[in-house]
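Novice: This is the structure, below, for whatever I ask next.
Any read-out appearing in this document is the output of simple, stated calculations on the displayed coordinates, not a laboratory observation. Since this is a predicted model, take the numbers as computed values, not measurements.
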Amino acid sequence: MSLPRNKIIEAIEKAREASPARNFEQSFDLAITLRELDMNRPDQRVNLRFTLPNGVGDRKVLVFASGDLALRARRAGADAVVEPAELDQLATDKKAAKKALQPYDSFVAEAPMMPTVGRVAGPILGPRGKMPTPVPPQAPIDNVIERERKTVVLRSRDKPFIHCIVGKENMSDDEVAQNIEAVVQNLTRATKRGFANVRNIYLKLSMGDAVKVF
């Protein structure tokens, strides 16, 4: 079983109607409740990373890198680049480190820096499901950054519940629908009974009421 496109479009339209105009661009948030999965068993938990066909709007990417990779990351439009000296400085102040990393949605780290990145940023990013993606120093960082801007993470932790952003309100209904389909397809491929493990699906804009999709 899969979600008919017309039902998704209908839910998107209702979600738009259920949220008054705001003075900022709202996100479309998808919430999925699972069933018949034992979240106490790690093998039945959901922990996925994948790219959405239309991205999710302006996602900020921070790159931990040195030398040539740091230079290329800046040229490629990374929202921030943290080099080893700055990382060492963040290691001395956990509060400052948390504040510095808070604005970013996705993280990439030069592989040789991963041990230090893990020690300094791991306690902050790990619980948020945002541990950096390691890349070699010769990586085509422009492609990596572009991919990260379209990447979402699905994590169920110890509760049968998934939540993720699937778009921005300035995106077309079809673009948001394609992203929702990608989330459902990736999720159901990862569960033992596929769509039968989905109890319900709700969609909402950031400040709006939830609308049932399934």
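Novice: How would you classify region 157-214 from its alpha-carbon gyration tensor, with a ≥ b ≥ c the square roots of the eigenvalues: rounded for a/c under 1.5, else prolate if a/b is greater than b/c, otherwise oblate?
Specialist: It is prolate, given that a/c is not under 1.5 and a/b is the larger ratio.
Novice: Now for a different question. With no solvent and one point per C-alpha, what does the Debye sum give as log10 I(q)/I(0) for the chain at q = 0.07, 0.12, 0.14, 0.17 Å⁻¹?
Specialist: Once normalised to I(0) and log-transformed, intensities are -0.25, -0.71, -0.92, -1.17.
Novice: OK, next. Based on the alpha-carbon gyration tensor of region 62-104 and its eigenvalue square roots a ≥ b ≥ c, which shape applies: rounded if a/c is under 1.5, prolate if not and a/b is larger than b/c, or oblate?
Specialist: Values: a/c = 4.70, a/b = 1.59, b/c = 2.95.
Taking the square roots of the gyration eigenvalues as a ≥ b ≥ c, region 62-104 is oblate.
Novice: Of Lys99/Lys159; Lys94/Lys192; Lys98/Lys212; Lys95/Lys150; Lys7/Lys99; Lys98/Lys168, which sit over 31 Å apart, Cα to Cα?
Specialist: The pairs that break the limit, which is 31 Å between Cα atoms, are Lys94/Lys192; Lys98/Lys212; Lys7/Lys99.
Novice: Sticking with this one: Does region 77-156 come out rounded, prolate or oblate by the C-alpha gyration tensor, with a ≥ b ≥ c the root eigenvalues, rounded set by a/c under 1.5 and, if not, prolate when a/b is larger than b/c and oblate if not?
Specialist: Cα axes put region 77-156 in the oblate bin.
Novice: Still on this structure: May I ask you to derive the relative contact order of the chain, considering only C-alpha pairs under 8 Å and at least 6 residues apart, and to give it as an integer percent?
Specialist: 42
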